[in-house]
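Taking it in order: structure first as structure tokens, then the write-up.
The values are calculated or read from the model by the stated rules, or taken from the named source; none is laboratory data. Small disclaimer: the values here were computed from a predicted structure and weren't measured. Positions of Cβ are backbone-derived with ideal geometry, glycine not excepted, and every protein chain shown enters the neighbour counts.
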Amino acid sequence: MTNEEIHRYVIEKIRLARISKGLSQLEVCTRGNFSQSFYTHVESGRNQPSLMTIIRIAEVLETNPREFFPESEIKSKSEIKKEIAALLEAL
């Protein structure tokens, strides 16, 4: 994923988490001590939130901040071994 795609993904996950909790943007702002314009800009993608801001938003939404990020595509050792074996067999 590109940085832009990751940014859009994180923003969408934050917005969906807020909606699933039944909270308005104003309620998140009040609970997280954010200005409404700042938070609106975060959810609209005009501001890139810092990691600390993402953690604060997760606390307000009572969720793990990891929920906002795409899963890593790091492969396990067994997956890598299988791929190497398949490549060697193809030789």
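Things to note:
- Enumeration of residues in region 26-49 that are surrounded by fewer than 17 Cβ atoms within 10 Å (Cβ to Cβ) and not small (Gly, Ala, Ser): 26, 27, 30, 31, 33, 36, 38, 40, 41, 46, 47, 48
- Among the residues of region 19-37, those that are over 17 Å from residue 9 (Cβ atoms) and either in a helix (DSSP H, G or I) or aromatic (Phe, Trp, Tyr) (or both) comprise 25, 26, 27, 28, 29, 30, 31, 32, 34, 36, 37.
- Only a single criterion out of (1) modelled with pLDDT under 90; (2) loosely packed, with under 12 Cβ neighbours inside 10 Å is not satisfied by residue 52, namely (1).
- Residue 87 being over 21 Å from residue 7 (Cα atoms) and either hydrophobic (A, V, I, L, M, F, W, C) or surrounded by 15 or more Cβ atoms within 10 Å (Cβ to Cβ) (or both): yes
- Scope region 38-91; condition of a type in the set (S, T, N, Q) and within 17 Å of the chain's Cα centre (by Cα); matching residues: 40, 44, 47, 48, 50, 53, 63, 64, 72
- Residue within region 67-74 that is modelled with pLDDT under 80 and part of a helix (DSSP H, G or I) present: no
Residue by residue, here is whether (1) in a helix (DSSP H, G or I); (2) touching a residue at least 40 places away in the same chain (Cβ under 8 Å) holds:
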residue: 39; (1), (2): yes, no
residue: 48; (1), (2): no, yes
residue: 57; (1), (2): yes, yes
residue: 62; (1), (2): no, yes
residue: 81; (1), (2): yes, no
residue: 86; (1), (2): yes, no
